[in-house]
Amino acid sequence: MELPPEQKQQMEMLKTAFLESKFIFKDDKNFSFDFKFEEMRIKNGHWKYNDLTKSFIIQEWKDKETEKSKLMEMTAKKDGDKVIFLLSETFFTLEMRKEE
């Protein structure tokens, strides 16, 4: 899709920030999103899997028992050895790499 130059520049800046970001899913359902832009960081999040939509829902920890305050939603799919996350709020498709 063709974007105006200002939007294209913003998308490139976001793309670079996502490439440097870190999604942290813990076994206890704690979630963190380490991101360049502080207003988009998530430090005390909660993740859950929605079997109906086959997506991961990210919320604030305090809202974990509710359907409120969805901060992020992503769908994961496997493509060979790769895990791909499709972010519903953006046009980005991210290849995830597990940190050793």
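FYI, it's all coordinate maths here, none of it is from the lab. Remember, it's a predicted structure, so these values are computed and weren't measured experimentally. Heads up, the Cβs are rebuilt from the backbone with ideal geometry, glycines too, and the neighbour counts pull from every protein chain shown.
Here are a few things to note about the model shown:
- Residues E67, E60, sorted so that the one with the fewest Cβ neighbours within 10 Å comes first: E67, E60
- Counting only Cα atoms, the size of region 5-96 along its three principal axes is 42, 34, 20 Å, in decreasing order.
- Shown here is the pair-distance distribution of region 42-100: with all Cα-Cα distances grouped in 5 Å bins from zero up to the longest one, the shares run 4, 18, 23, 25, 18, 9, 3, 0 percent.
- Average Cα contact separation per residue, the chain, under 8 Å, 6 or more apart, as relative contact order %: 13
- Summarising the amide proton neighbourhood of L71: residues at separation of 5 or more, or on other chains, whose placed amide H is nearer than 5 Å comprise I58, Q59, E60.
- Region 86-100 residues near the modelled K22 label - backbone nitrogen below 17 Å, point 7 Å along Cα→Cβ: 96-100
- Dipole in debye (nearest 20) - the chain, about Cα centre, beta carbon charges: Lys, Arg +1; Asp, Glu -1: 220
- Inter-label distance, E65 to M11: 4.3 nm, where each label sits 7 Å from its Cα along the C-beta direction.
- Applying a DSSP loop filter and a limit of 16 other Cβ atoms within 10 Å to the chymotrypsin sites (Phe, Trp or Tyr not before Pro) in region 52-100 leaves F91, F92.
- Crossing angle, helix 5-19 versus the chain [Cα axis fit, 0-90 degrees, rounded to tens]: 40
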